[in-house]
Amino acid sequence: MTENIKGILHDWTDTEIADSFQKIAEVCYEKNFGRLSKSDMEVLLFSIYLEHCLRNRMTYDDYTLAIQLGIPETRVRNLKVKKELQYPYSEYNWKKAFVERIQYAKYDDKKALVKVNILDPNVRRDVEHYIDSRNWYSEYQLNSKLLQMRADQFIEMCMQLYSSVPVDGELDIETMKQIEERLKTTQASNWAKESASDIFARINKEGFQNCWKEVVKSGSKLAIKAVLSLIPFGSEFQDVIDYFIQKL
């Protein structure tokens with residue numbers, strides 16, 4: 001059937017088209033015909049289109065969708081939020097999506113802030129909620145895609161989400177061994193200059209858990225780099241954070 005369809009649906013499978021009509025029928029029929037507002041109908045149709053893009057790994061950034069649908073980018077962002085509230089995508093995972101953005105993070109050593117550009121408004125909302133629920137704060141920006149937060153809170157967030165290392169309290173034996181091993185390896189790395197050696201010496205003397213926050217609060221890139229290099233993260237996140245470390 002799909003070979004006879006032209007235009008925007010030319011790459012849709014028969015199953016996708018049938019499932020899409022089923023979703024529309026469930027909302028519009030069943031004694032509900034005519035009750036659906038224009039706004040709700042737009043959210044439903046947008047949800048169907050966006051999930052087609054997601055399933056088929058098509059570009060779905062705000063600009064691209066705005067051009068394809070003929071609406072402003074701000075409206076696309078609003079529709080993305082409404083879509084996730086009303087028709088949540090089964091494979092949506094904000095923690096995984098946040099990982100993918102961390103590799104592009106920048107550190108502003110003048111303001112001592114980590115800056116992460118988060119393109120998906122739903123991921124941004126979930127990250128902000130996570131920050132608020134822990135009584136942290138992020139620097140407000142007119143750019144709705146840019147998240148800025150203190151380096152120590154950024155690292156603590158990464159530890160809580162992607163590492164088995166507790167932020168506070170005692171470390172188990174296995175974690176201590178992992179940190180000690182990474183300490184030995186990192187000290188031998190090319191960037192371990194005299195100032196870095198001082199940082200590692202303090203961490204080695206006082207213990208990672210007792211001083212990592214104070215070390216990071218110094219605001220230096222070297223301190224942040226040192227602390228991040230010692231934290232054993234999960235394999236999926238380790239590559240991302242190592243890339244971020246290399247850029248510091």
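Points worth noting:
- Number of the condition not met by Lys31 [criteria: (1) at pLDDT 95 or above; (2) of a type in the set (Lys, Arg); (3) surrounded by fewer than 14 Cβ atoms within 10 Å (Cβ to Cβ)]: (1)
- Top-ranked residue in segment 107-143 [being assigned to a loop (DSSP other than H, G, I, E, B), of a type in the set (A, V, I, L, M, F, W, C) and at negative phi; ranked as surrounded by the most Cβ atoms within 10 Å (Cβ to Cβ)]: Ile118
- In this entry, Thr64 passes the filter for residues that are part of a helix (DSSP H, G or I), closer than 28 Å to Ile48 by Cα and outside the structural domain of Phe237 (by TED's automatic domain parsing).
- Lone unmet requirement of (1) at pLDDT below 80; (2) out of contact with any Asp or Glu (no Cβ under 9 Å at 6 or more places or on another chain); (3) over 16 Å from Asp108 (Cβ atoms) for Pro166: (2)
- Residue-level check: of (1) over 30 Å from Tyr63 (Cα atoms); (2) modelled with pLDDT of 90 or more; (3) surrounded by fewer than 17 Cβ atoms within 10 Å (Cβ to Cβ), Ser195 misses just (2).
- In segment 174-186, the residues that are under 9 Å from Ser229 (Cβ atoms) and in a helix (DSSP H, G or I) form Cβ pairs under 8 Å with partners that are modelled with pLDDT under 75 and of a type in the set (A, V, I, L, M, F, W, C), at six or more places apart or across chains, as follows: Thr186/Ala192.
- Qualifying residue in segment 144-156 (condition: surrounded by 14 or more Cβ atoms within 10 Å (Cβ to Cβ), modelled with pLDDT under 85 and under 27 Å from Glu236 (Cβ atoms)): no
- Yes/no for Lys115 being in the same structural domain as Lys221 (by TED's automatic domain parsing) and without any contact (Cβ under 8 Å) to a residue 24 or more places away in the chain: no
- Within segment 127-157, the residues that satisfy the criterion of being aliphatic (A, V, I, L, M) and closer than 12 Å to Ala112 by Cβ are Met149, Ala151.
- Residues located in segment 54-84, provided they are touching a residue at least 24 places away in the same chain (Cβ under 8 Å), buried (at least 19 other Cβ atoms within 10 Å of the Cβ) and aliphatic (A, V, I, L, M): Leu79
- Within segment 150-173, the set of residues being closer than 28 Å to Ala97 by Cβ, assigned to a helix (DSSP H, G or I) and among the hydrophobic types (A, V, I, L, M, F, W, C) comprises Ala151, Phe154, Ile155, Met157, Cys158, Met159, Leu161.
The values are calculated or read from the model by the stated rules, or taken from the named source; none is laboratory data. If you're wondering where the values come from, they're calculated on a predicted model, not measured in any experiment. All Cβ positions, even for glycine, are placed from backbone atoms using ideal geometry, and neighbour counts span all protein chains on display.
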